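Engineer: Below you'll find the structure I mean.
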Amino acid sequence: EVQLVESGGGLVQAGGSLRLSCAASGFTFDAWDIGWFRQAPGKEREGVSCISSHDGSTYYADSVKGRFTISRDNAKNTVYLQMNSLKPEDTAVYYCAAADGGGSYFYPLDQYEYDYWGQGTQVTVSS
């Protein structure tokens, strides 16, 4: 059974840092693209970052560019999201998701590209 489990969320003050982890099992991890998404109360789900399986390319939403870094450790079947210089507007439930990258085009921050999702981890940034 495919499983994606997020961890590392918590409460942090503005300007602080957190590192989220996404541990995967049940599929060939290094053949799948892994994305991070977030959803704040009353808002739609937003693509945050993605790391590709094909060439390791990374993608970021403009709102987190320069502050967040995605990385992958295939030996551990884990993807990380290092979040620095956190802002209150980063407060959300963060989800990791896996996509097989099928088709002619792949939109890395589009939630509808993704097939499997984790349960989410809460990130709260206080003023």
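Engineer: Only residues that are assigned to a strand (DSSP E or B), over 11 Å from I34 (Cβ atoms) and of a type in the set (G, A, S): list them for the range 58-93, please.
Structural biologist: A92
Engineer: Let me ask something else. Quick one: is N77 modelled with pLDDT under 95, polar (S, T, N, Q), touching a Ser or Thr at 6+ places or on another chain (Cβ under 8 Å) and surrounded by fewer than 21 Cβ atoms within 10 Å (Cβ to Cβ)? Step through it out loud before you land on a result.
Structural biologist: Working: modelled with pLDDT under 95: yes; polar (S, T, N, Q): yes; touching a Ser or Thr at 6+ places or on another chain (Cβ under 8 Å): yes; surrounded by fewer than 21 Cβ atoms within 10 Å (Cβ to Cβ): yes.
When the stated conditions are applied, N77 passes them.
Engineer: Next up: Within the range 1-33, can you find the residues that are closer than 21 Å to L86 by Cβ and of a type in the set (V, I, T)? Walk me through it before giving the result.
Structural biologist: Quick first cut of the range 1-33, residues closer than 21 Å to L86 by Cβ only: 6-22.
If the condition is that a residue be closer than 21 Å to L86 by Cβ and of a type in the set (V, I, T), then V12 is the only one that fits.
Engineer: Mind listing whichever residues of the range 4-36 are on the phi > 0 side of the Ramachandran plot and without any contact (Cβ under 8 Å) to a residue 40 or more places away in the chain?
Structural biologist: Correct list: G26 only.
Engineer: How many residues are at pLDDT 95 or above and under 22 Å from Y107 (Cβ atoms) when one looks only at the range 21-33?
Structural biologist: The first filter runs over the range 21-33 and keeps only residues at pLDDT 95 or above, leaving 21-23.
Keeping just the survivors that are under 22 Å from Y107 (Cβ atoms) gives 22.
Residues meeting the conditions: 1.
Engineer: Please determine whether any residue of the range 107-118 is without any contact (Cβ under 8 Å) to a residue 60 or more places away in the chain, farther than 25 Å from A14 by Cα and either among the aromatic types (F, W, Y) or part of a strand (DSSP E or B) (or both).
Structural biologist: Checked the range 107-118: at least one residue is without any contact (Cβ under 8 Å) to a residue 60 or more places away in the chain, farther than 25 Å from A14 by Cα and either among the aromatic types (F, W, Y) or part of a strand (DSSP E or B) (or both).
The values are calculated or read from the model by the stated rules, or taken from the named source; none is laboratory data. In this text the structure is predicted, and so the values were computed from the model without any measurement. Neighbour counts are summed over all protein chains in view; Cβ atoms, including those assigned to glycine, are modelled from backbone coordinates with ideal geometry.
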